[in-house]
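Each value in this text was obtained by applying a stated rule to the coordinates, not by laboratory testing. Nothing here was measured: the structure is a model prediction, and the numbers come from that model. Here the Cβ positions follow ideal geometry from the backbone for every residue, glycine too, while neighbour counts run over all protein chains shown.
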């Protein structure tokens, strides 16, 4: 069995490699100010035939450096994926639009057909959105499937610019017979508020192709929520909707319940911390009654009260979907004055519009002197923040539901993303800190248990990606291995003993470790412990198989 799997794995790598069209400088912390600072990078881009993806996350790129990189991209007609989150830290805001314009114009000139554009965790404000406006309207984005702008401080103004750009892109692409079919939209923590959300809702309704929408913590009240709910009705393939920590109240929740009647494929629905009352929550529960694909309904942190929580649980159980309801442990209790609730919302809407205008005026007045720093530096940690820059503290701050949150965030249909997430979680493992260690192992168990129980999950690709990233094998791509730490091996040792992890992959790991005796030498005891565990699990499996055969023979 092991020989067959290893042969299959080797053959797969020989044919396609693992992400064999990606060039990565992720997390290298480079300060790239001018053309000279990116000479080596530019040469590598120029020499990389058929380049499809470029990772610049975790570096800081200036205007002149961006121009030099852009020049190298002008000939990359097969380019598809921009992983450009967190690449302007410490830069003046006035630097960001010209840098983005240069990169975007290069992709258009190259004739690129983008599928992924990720600019998350760049605190560029409305001007940053203007920096990608031409790109979003261009032919390069007619094929865009994923747009990730989490934690960018876009504000109402940026939301409107973004919406107008998407609408124009859809119009232009439709005229050429290839309408924009965006599938994934991520824009949490952007202060979009009602006007920004309403503008984007118009774009969402027009496209009708969304499968995932993540817009948590945007200061959206019921008018904006209602607009989004109506737009979702036109996106029949929607699977995941996360509007956590926006103020639904009854009006927004009832609008969402109405929209859910049209969403047959919904799998994950997060309407937590939205001031939703008992009656509205029950309407949402009723709306998901016959959703065969539903895996999770999160209504935690709302305003149900003790009796409301019981009523919701009873209603879900009566419909035989009680196990799909998330924890209600943080319910905030019934509102003190329901009648004034809606009026307060309207007043808040007016106040927020004024505040946003003041914020944008302040930004315009001092735009050239402001530094780009993480918008959410003082905000609670979320999964995206943790996975972008893992740390033990961030993992613990995700709270008791961290395993579930991570499981929901990672797309397990993508074996490569799952492997990368596994290594990020494992990297913060601490042998001498039980809280951190348990948090890591619980999170990994939840993620991989879901992955290996998903029919479409490609376990062979997952393992091959791990082997490449750990430096145990080389693929035909130019992806550099990660900096391996003991936590990676400690976590892998744990996984190898779990019932969800197929034993044939234990064989594969053992074979490649034995073929590379000096690999992972820097991890010392952790490597030795991993090898011992792999051998033990293999022996136990062989013994079990032998016993089973003997028993079967005696029975015969």
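Things to note:
- Least to most buried among 273, 48, 88 (fewest other Cβ within 10 Å first): 48, 273, 88
- Each of 83, 500 has some number of other Cβ atoms within 10 Å of its Cβ, and from fewest to most they run 500, 83.
- When peptides 219-230, 386-397 are ranked by their average number of other Cβ atoms within 10 Å per residue, the highest-first order is 219-230, 386-397.
- Taking the centroid of alpha carbons for each part, the range 22-63 and the range 98-147 are 17 Å apart.
- Residues 538, 91, arranged from fewest to most other Cβ atoms within 10 angstrom of their Cβ, appear as 538, 91.
- Estimated translational diffusion coefficient (Stokes-Einstein, Kirkwood radius over Cα pairs, 4 °C, 1.567 mPa s) of the range 390-555: 78 µm² per second.
- Cα centroid separation - the range 200-221 against the range 228-255, whole Å: 8 Å
- Shape call, the range 48-187: gyration tensor on alpha carbons, a/c limit 1.5: oblate
- With R₀ set to 41 Å, the beta-carbon distance separating residue 540 from residue 310 gives a calculated FRET efficiency near 0.35.
- Rounded to two decimals, the Cα radius of gyration of the range 205-254 over 2.2 N^0.38 Å is 1.08.
- Centroid-to-centroid separation of the range 391-410 and the range 277-295 [C-alpha atoms, Å]: 25 Å
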